[in-house]
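A.B. asks: Next up is a structure, given as structure tokens.
The values are calculated or read from the model by the stated rules, or taken from the named source; none is laboratory data. Since this is a predicted model, take the numbers as computed values, not measurements. Note: ideal-geometry Cβ built from the backbone for every residue, glycine included; neighbour counts use all protein chains shown.
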Amino acid sequence: MEIITDLNSFTKPQNAVVTQGTFDGVHIGHSQILGNIVSLSKKQDGKSVLVTFHPHPRHFLYQAENNIRLLSTFEEKVEWLRKLGLDYLIVLPFDENLSKMSAISFIRDIMVEKIGVRTMVVGYDHRFGRNREGSFEDLTEFSNMFGFEVIEIAAQDISEAIVSSTKIRQSLLEGDVVTAALFLGRNYSLTGTVGHGRKMGKDLGYPTANIKVNDNDKLIPANGVYTVNVIYQNIIYGGMMNIGNNPTIDGAKWSIEVNIFNFNKTIYGEELTIEFISRMRNEEKFDSLEALISQLKVDEIMAKAILKSEIN
């Protein structure tokens, strides 16, 4: 997959099969659309092209709110897209000029003139152009005007719920990482750097790595205790993670802390990737440290049983 960040240096391919969108999280609905354009491009002896944006349009349009969290960093999105066999990933800088571009200008000036779209494939709810003014009906009209084909992909249903990045975000904010994984087609993950914490975990018999997530825009699931996979130097370890304020200890500082099973290394300053398997319970305040330790033992047994069932 070739990544294009400057359309002025892009040579239009023959028979370009194109789709466009933010594709945050690259979930199973996205994969269906992208698989479709890859397949079509091969049948038409053409090239598959995804046009996306950076930064995410909502970050530009709602800068003052500063509360939009994303399912994927730009680097994660590129990694997942690369696995789908695309020929080109075109990354447009989402700025004031692009935000004000009308739907017809976007199709004419970018899709037709710069990219040379031959076939455009979109999802059932696709919108485009200034204020998302462009609809599928508009796109059909423009395809007739500018001489390209347009194909609409029907809604992808999972457990009677339409897959969308918004619904995946909501699932994660509720701690439902199982539903999020079902919609994503993989476990939700985040990557962070190990920093120094209060080192209370070691005193409790459960030493933890304190994680600082590398991208501030990355969505963090709801507070609670989770069964997780921990990836360190390409090796997968099981573990259990707490997200929250540690109310039994002092409740003063929010943190992400993971106890890694069968692991005894000093890794301050190093990077870990966490995959969420399931949420075991809410974060709780216990009457004593002894009661907390007893619960941690139960959590460990449960987490190891969940991880074993995942393997089997």
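A.B. asks: Which members of the range 250-297 meet the condition of being under 20 Å from ILE220 (Cβ atoms), of a type in the set (Lys, Arg) and not in a loop (DSSP other than H, G, I, E, B)?
C.D. replies: Answer for the range 250-297, where residues must be under 20 Å from ILE220 (Cβ atoms), of a type in the set (Lys, Arg) and not in a loop (DSSP other than H, G, I, E, B): ARG279, ARG281.
A.B. asks: Checking the condition crowded, with 19+ Cβ neighbours inside 10 Å and not β-branched (Val, Ile, Thr), which residue from GLY175, GLY147 passes?
C.D. replies: That would be GLY175, the only listed residue that is crowded, with 19+ Cβ neighbours inside 10 Å and not β-branched (Val, Ile, Thr).
A.B. asks: Shifting gears a bit: Regarding the range 56-73, can at least one residue be identified that is without any contact (Cβ under 8 Å) to a residue 24 or more places away in the chain, more than 30 Å from PHE276 (Cα to Cα), in the same structural domain as ILE151 (by TED's automatic domain parsing) and in a loop (DSSP other than H, G, I, E, B)?
C.D. replies: Yes, the conditions are met somewhere in the range 56-73.
A.B. asks: Hey, any hits in the range 52-64 for a residue that's farther than 20 Å from HIS126 by Cβ and of a type in the set (Lys, Arg)?
C.D. replies: So far as the range 52-64 goes, no, none of its residues is farther than 20 Å from HIS126 by Cβ and of a type in the set (Lys, Arg).
A.B. asks: Shifting gears a bit: Just to be sure I understand the filter: pairs with C-beta atoms under 6 Å, separated by 6 or more residues or on different chains, first member in the range 180-191 and farther than 15 Å from ILE220 by Cα, second member among the aliphatic types (A, V, I, L, M) and in a loop (DSSP other than H, G, I, E, B). Which pairs pass?
C.D. replies: Listed pairs, sorted by first residue: PHE183/VAL163.
A.B. asks: Look through ILE211, ILE168 and report the one residue that is in a strand (DSSP E or B) and surrounded by 18 or more Cβ atoms within 10 Å (Cβ to Cβ).
C.D. replies: ILE211
A.B. asks: Select, from LEU98, LEU50, LEU86, the only residue that is within 22 Å of PHE10 (Cα to Cα), part of a helix (DSSP H, G or I) and of a type in the set (A, V, I, L, M).
C.D. replies: The conditions single out LEU98.
A.B. asks: Still on this structure: Tell me which residues, restricted to the range 24-67, are in contact with a Phe, Trp or Tyr (Cβ under 8 Å, 6 or more places away or on another chain), closer than 19 Å to PHE183 by Cβ and among the β-branched types (Val, Ile, Thr).
C.D. replies: The answer is VAL26, ILE28.
A.B. asks: Could you go through the range 226-242 and let me know if any residue there is at negative phi and in a loop (DSSP other than H, G, I, E, B).
C.D. replies: no
A.B. asks: A further question follows. Is there a residue in the range 133-154 that is outside the structural domain of ALA222 (by TED's automatic domain parsing), of a type outside the set (A, V, I, L, M) and touching a residue at least 60 places away in the same chain (Cβ under 8 Å)?
C.D. replies: no
A.B. asks: May I pose another question? Out of the range 1-46, which residues are part of a strand (DSSP E or B) and surrounded by fewer than 23 Cβ atoms within 10 Å (Cβ to Cβ)?
C.D. replies: Selection gives GLU2, ILE3, ILE4.
A.B. asks: Within the range 115-125, can one find any residue that is in a helix (DSSP H, G or I) and in the same structural domain as GLN20 (by TED's automatic domain parsing)?
C.D. replies: No, there is no match, as no residue in the range 115-125 is in a helix (DSSP H, G or I) and in the same structural domain as GLN20 (by TED's automatic domain parsing).
A.B. asks: Quick check on GLY197: is it small (Gly, Ala, Ser), over 20 Å from GLU75 (Cβ atoms), in the same structural domain as ILE293 (by TED's automatic domain parsing) and buried (at least 17 other Cβ atoms within 10 Å of the Cβ)?
C.D. replies: So GLY197 passes the test.
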